[in-house]
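Reading through the structure tokens given below for one structure.
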Amino acid sequence: MNMPSSSIQRSKEAREAFFQRGQLPTGLVDDAILNSWQRCTAQHKSVTERVEYDTLARSGLAELLEASRTLMEAANEPLEQLNRTVSGAGYALLLTDHRGHALSAYRGSSRADRLVKQAFRQGVNLSEQRIGTSAMSCALSEGRPVAVSGPEHYLSANHILHCAAAPIIDPQGRTIGSIDITREHPLVQGSALSLVTQCAKTIERRLMAMLEPYLVLRLDWELQEPASDDMLIALGAEGELLGMTPRVREVMGLTTTDGPRGFQDLFDLRFESVVDAARRRQSPILGQAHSGLSFSLHPFSQQTPCLIQGSAQRRPVNDSPPPVPRTPDFGDPSLNAQTTLALRAMSKRLPILIQGDTGTGKEVMAQALHRNSDKHSGEFVAINCAAIPEALIEGELFGHMEGAYTGARRGGAPGKIEQADGGTLFLDEIGDMPLALQSRLLRVLETQEVIRLGGRTTKRIDFQLICATHRNLTEAVALGEFRDDLLYRIKGMPLSIPPLRERTGLREFLIGQCDQVTEGRRQLSVASLDILLAHEWPGNVRELRHALTYADVMAEDAQVTIEPDHLPMDLLRTTTTRSSPLSGRAVGTLQTLEWAAIEKAMAQEEGNVNAAAKRLGISRATLYRRLKQRKA
Ligand SMILES: Nc1ncnc2c1ncn2[C@@H]1O[C@H](COP(=O)(O)OP(=O)(O)OP(=O)(O)O)[C@@H](O)[C@H]1O
């Protein structure tokens, strides 16, 4: 898995040709490396030069960090994630600015990577002028990911290093920094390059989100390829172009200087019509660029792949629900599997019956299914059978002709079923539909035709039916409250959403929801997460989102973590009462007793960590530590 000896041999040959015979060894090493060697030679840099890795003086460091504040903020989380991925393989990690000055560094574990430890420190100048050829300097000057191994480094002192780096390009198309991973033994080039590239792309997307766009559009070619997040455009409320990912610039043939200013400078489409379609959740929107190329445009959620779980863009189009990716991800493997099956069933026109307790997300699921079905360009028409008075529901569903009843509209009006022609009809709480209406609905489903109230003519309708209920319809049939023939007709493919409490991957779901509700501004502290994990959630996702919204309001603006004292009190009370070991049978170990005392104090102080620490006679930090240990 190490660098193959043939490529080490090639690098050595290239070195010999370049440094000893003065030849250009084209094809033996990456051109980016040759270009760098040439620049270093032009500067009369000696390959045997010794480098001191000095950090900047304090004032210079403060200036450097201040100038790169946005980049560091965007990179913080992706760097942590990358570090978790690569530290076990002995890599050190580096974020630099556009000149190659180290902004942050993760130096990995106790391996004897002496040189890396010396060089990878905040504020060290690692530019090409200073340390010669490196993956980072090549990535910065070429604007693409580059790997540099052993003898490909210009300075002999660096021949023990093996590195891969990718540039970071801001939404305006400027190279503003780089990500580099390095270790003192050969790397697997393919994986190292793809890791830094992936990390740089994540940072680029985060930089876009920090512009707080009104709308983000994802562009896809009109090909049947899996969607990727490479091509994103961030737009302001008036359609002004706030930024775009490098790939969009590339495919549109744009430079950084003569860039377009607004959406309409790019596409033969009115921005208002795109906003309108996004609001009505009509996606994709087909558009032709002025270059003549056709694209499909999708309103984009920042934290793909999990729309429903992840956060939408920071300031989405008003009252537009979060957009849905092609394959919905609900975070729960069994739910995901059911969703895939349901989508397959829908392609064969089978009706879907979603069952689940209140607030589990039945309507959210129905919308996601619609968005991902072949009926997505039609309307999603929802009707809550339990919320409309019995006398009105028939007119709502079937529509009416002029004069059909007192108060009927002039010229008549179409019903929901007619409106759903070419789209999806979502009948929520179908278990509460009056029996008489059930027969009429059954007829429509069998004939695919509607007759408006007071009318004689039939209209053929083509729609996808999705029904939802929290009731056990088999029991309702046994009680004579639901027609069995209708049940068989609507239950083409049943889909059951588990109560929140029983979700697989509950922890990740809670974290994702917190991210979504707080628009990425806050995270749950370990203690808060523990409390949420222990709660029963009778109101399911709806209750959870209310609790998180409450906590978001309670936390100070600058507070990044949601602490237990921000959570609703009733949630703390029920959680601590139910789970307290003191409320159960006697407990044995000192540790359990200690935890019981902590729980009790937290309950008495209604989750206020300061007050609970005081009551227990320990410091706030100690209490947090204990809560953390308990979680681990
Ligand atoms: N997976 C999810 N991601 C984000 N929000 C969700 C999710 N599931 C549910 N919600 C939110 O929870 C609330 C309840 O969802 P929804 O109305 O779909 O549930 P329901 O099961 O249809 O509820 P009811 O039975 O009461 O009609 C809504 O505010 C919805 O936006």
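None of the figures in this text is laboratory data; all of them are computed from the coordinates on show. Since we're looking at a predicted model, the values are computed, not measured. Please note: Cβ atoms are built from the backbone with ideal geometry, for glycine as well, and neighbour counts cover all protein chains shown.
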- line: For the chain, longest principal axis from Cα atoms; helix 540-554 axis from its Cα atoms; angle between them, nearest 10 degrees, is 60
- request: Any chance you could check the Cα centroid distance between segment 474-488 and segment 182-196 for me, in angstrom?
  value: 62
- prompt: Distance in nm between label sites at ARG625 and ALA611, each 7 Å beyond Cα in the beta-carbon direction?
  reply: 2.5
message: Once you order the gyration tensor axes a ≥ b ≥ c over the Cα atoms, which shape class does the chain get: rounded for a/c under 1.5, otherwise prolate or oblate by comparing a/b with b/c?
response: oblate
Straight-distance crosslink candidates among aspartates and glutamates, where the alpha carbon sits under 16 Å from LYS45 and sequence neighbours closer than 8 are dropped: GLU128, GLU152
Positive-end residue of SER291, GLN523, TYR154, charge dipole of the chain with Cβ unit charges: TYR154
- prompt: So, by mean Cβ neighbours within 10 angstrom, what's the order for 148-154, 376-382, 360-366 with the highest one leading?
  reply: 148-154, 360-366, 376-382
field: Charge dipole (the chain, unit charges on Cβ, about Cα centre) - positive-most of SER334, ALA478, TYR91
entry: TYR91
message: Under the 0.36 nm per residue contour assumption, what length would be gained going from the current alpha-carbon distance of LEU479 and LEU435 to full extension?
response: 14.6 nm
query: Out of MET72, ILE618, LEU219, whose Cα points farthest toward the positive end of the dipole of the chain (charges: +1 Lys, Arg; -1 Asp, Glu; placed on Cβ)?
result: ILE618
query: Where does segment 501-575 land on Rg/Rh, using Cα atoms and the Kirkwood Rh?
result: 0.92
Cut-off 19 Å, label 7 Å out along Cα→Cβ of HIS546, residues of segment 450-480 by amide N: 470
query: Could the peptides 340-347, 619-626, 243-250 be put in order, highest first, of the mean number of other beta-carbon atoms found within 10 Å of their residues?
result: 243-250, 340-347, 619-626
query: Which entries of LYS201/LYS348; LYS348/LYS416; LYS12/LYS117; LYS416/LYS491 show an alpha-carbon separation above 28 angstrom in the structure shown?
result: LYS201/LYS348
query: Please identify the GluC sites (Glu not before Pro) of segment 472-569 that satisfy two criteria: DSSP loop assignment and at most 10 other Cβ atoms within 10 Å. Which are they?
result: GLU556
message: Using the Cα centre of segment 8-119 as the reference point, and only Cβ charges (+1 on K/R, -1 on D/E), how large is the resulting charge dipole? Debye, rounded to the nearest 20.
response: 440
message: Please report the antiparallel percentage of DSSP beta bridges with both residues in the chain, rounded to the nearest 5.
response: 70
- prompt: For the chain, with only Lys/Arg (+1) and Asp/Glu (-1) charged at the beta-carbon, what is the dipole magnitude about the Cα centre, in debye rounded to 20?
  reply: 1220
- line: One point scatterer per Cα, no solvent, Debye formula: log10 I(q)/I(0) for segment 427-555 at q = 0.17 Å⁻¹ comes out as -0.89
- prompt: So which lysines can LYS614 reach, going by Cα to Cα under 19 Å and dropping same-chain residues fewer than 8 places off?
  reply: LYS600, LYS628
message: Expected output is a single nm value to one decimal: the length gained when fully extending between ASP462 and LEU392, i.e. 0.36 nm times separation in residues minus the C-alpha distance. What is it?
response: 22.8 nm
field: the chain - mean residue ellipticity at 222 nm from DSSP helices (-39,500 (n - 2.57) per run, n ≥ 4, rounded to 500)
entry: -12000 deg cm²/dmol
task: Bin all alpha-carbon pair distances of segment 7-209 at 5 Å intervals from 0 and give each bin's fraction as a whole percent.
output: 1, 8, 17, 21, 21, 16, 10, 4, 2, 0, 0
